[in-house]
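Down below is the structure, laid out as structure tokens.
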Amino acid sequence: MKKINTVLGLIAPEDLGSTLVHEHIVASQPGWECDPLSRPYDRGKMVQRCLRALSPVKPYGLGAIIDATPVDLYRDVEILKEVSEQLQIHIICSTGRYTEKRGKWDYLKARSGNGVGDMVSELYDGFMQEITRGIGDSAVKPGVIKVATGLNCISSIEEAVLRAAARASKETGIPIITHTEDGTMGPEQAALLVGEGVDPKRIMIGHMCGNPSLKYQMDVLSQGVNIAFDRFGLEMFLPDKIRIATLIGLLGSGYEDRVMLSHDFIGCSSGRGGVMPEEGRRLTANWSFVHVLRDIIPALKTAGITDAQVRTMMVDNPRRLLSD
Ligand SMILES: [Zn+2]
């Protein structure tokens with residue numbers, strides 16, 4: 001089996017351990033740096049905030065986290081390195097891009113003459129640079145490519161990202177993990193990537209727990225790819241009880257070797273932060289890096305899910321995604 005690229009270098013697949021497959025240790029909203037009232041970027045303070053957010057996972061024996069932050073959301077591999085070193089948790093970082101609506105596209109649009117003709121090669125060259133040579137001058141290499149699509153459609157730019165990621169994955173074997181919006185476009189993402197020739201075992205379609213339809217789930221799973229139930233605790237989109245019920249349906253149908261778990265939590269952000277109404281605070285009260293380990297897995301076990309099934313989702317599936 002292939003070794004796995006973490007922010008501190010290569011590790012053997014058997015050293016990965018229990019893994020959260022889609023989190024953001026540090027991520028910020030595009031435009032925060034235009035706010036004259038936001039504090040300057042202070043890496044030391046950011047590290048401390050990330051450590052505070054992550055330390056509750058230590059008693060549960062978490063081995064690794066896939067950080068799904070694309071470059072548009074202020075990925076900072078130096079912070080990831082420090083957090084990994086101090087907490088002794090493996091961190092796998094991403095190359096890749098965010099949605100057209102919420103990412104940073106003006107520069108690439110201008111370079112490609114506002115068409116998408118050259119955009120696939122532009123994006124592919126960028127991904128390959130980071131995969132083969134490392135991110136900036138950090139020597140850190142990403143372990144996954146992150147791609148994303150918007151609500152109810154895949155824009156031409158998002159399609160270019162998927163096609164560029166597919167090329168890079170076919171050449172290097174690097175896995176592709178995805179963002180889907182509000183439980184839409186999962187089947188279309190899988191079809192596009194598999195149609196481009198990516199090995200389905202190297203694909204994880206994300207945020208699938210945002211759609212409770214078993215038909216939708218099967219439309220994705222029937223294409224041979226993996227899926228992530230990776231927004232536990234974000235109950236303003238869908239209550240955890242419905243995510244759990246959908247997951248139990250899939251596990252009862254024999255899909256335990258294709259599902260992985262996570263929260264899409266953000267450990268810390270730059271800028272002044274958003275104002276969350278009371279209702280929003282209530283609906284994210286459990287959203288954290290520890291919710292799956294502390295609350296969701298025990299709830300699954302109460303419902304009859306076995307320790308072996310949990311181990312398959314938390315340990316074996318991430319290892320296979322990253323290293324087979
Ligand atoms: Zn995310």
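Read the figures in this text as sums done on the coordinates, not as results from a lab. For clarity, every value in this text was computed on a predicted model and none was experimentally measured. Using ideal geometry, Cβ is built from the backbone for each residue, glycine included, and neighbour counts are taken over all protein chains shown.
Given region 104-221, what percent of its DSSP beta bridges are antiparallel, to the nearest 5? Provide the component values of the computation, followed by the final result.
Numbers: 2 of 8 bridges.
Counting only bridges with both partners in region 104-221, antiparallel ones make up about 25 percent.
Amide H to amide H, which residues 5 or more places from Met260 or on other chains are under 5 Å from it, using H placed in the peptide plane?
Under 5 Å from the amide H of Met260 lie the amide H atoms of Ile227, Ala228, Phe229, each far enough along the sequence or on another chain.
Which value, in debye to the nearest 20, describes the size of the charge dipole of the chain about its Cα centre when Lys and Arg Cβ atoms bear +1, Asp and Glu Cβ atoms bear -1, and nothing else is charged? Display every interim value, and only then the final one.
Numbers: 37 positive and 40 negative charges, 87 e Å.
Dipole magnitude for the chain comes out near 420 debye.
Antiparallel versus total DSSP beta bridges in region 4-323: what percent is that, nearest 5?
Taking every DSSP beta bridge with both residues in region 4-323, the antiparallel ones total about 20 percent.
Determine the sum of side-chain charges near Asp240: Lys and Arg each +1, Asp and Glu each -1, restricted to other residues whose C-beta is under 14 angstrom from that of Asp240.
That sum, taken over residues with Cβ under 14 Å, equals +1.
Where is the GNM fluctuation largest for the chain (alpha-carbon springs, 10 angstrom cutoff): Glu171, Glu33, Glu278?
Evaluated over the chain, the most mobile residue of the options is Glu278.
Lys201: which lysines have alpha carbons under 25 Å from its alpha carbon, excluding same-chain residues fewer than 8 sequence positions away?
Partners found: Lys2, Lys3, Lys141, Lys146, Lys170, Lys215.
Choose one of Gly195, Pro298, Phe265: the residue whose Cα lies farthest towards the positive end of the charge dipole of the chain (beta-carbon charges +1 Lys, Arg; -1 Asp, Glu; about the Cα centre).
Pro298
For Cα pairs less than 8 Å apart in space and 6+ apart in sequence, what is the mean separation divided by the residue count of the chain, i.e. the relative contact order in percent?
Details: 631 pairs, mean separation 72.9, N = 324.
Relative contact order comes out at 23 percent.
Between region 7-70 and region 203-266, what is the C-alpha centre distance in whole Å?
23 Å
With θ taken as phi - 60° and the coefficients 6.51, -1.76 and 1.60, list the Karplus ³J(HN,Hα) couplings across region 119-125 in order, rounded to whole Hz; mark glycine and proline as x.
Listing the rounded values in order: 5, 4, 5, 4, 5, 4, 4 Hz.
For the chain, take N as its residue count and report Rg(C-alpha) divided by 2.2 N^0.38 Å. Please report the intermediate quantities before stating the final value.
Values: Rg = 18.5 Å, N = 324, 2.2 N^0.38 = 19.8 Å.
Here the answer is 0.93, to two decimals.
What does the charge count around Leu8 come to, taking other residues whose C-beta lies under 14 Å from its C-beta (Lys +1, Arg +1, Asp -1, Glu -1)?
Working: positive: Lys3, Lys81, Lys141; negative: Asp15, Asp67, Glu78, Glu82, Glu85.
Computed value for this residue: -2.
Report, by chain and number, residues whose modeled amide H sits under 5 Å from the one on Thr6, excluding near sequence neighbours (fewer than 5 apart, same chain).
Ile11
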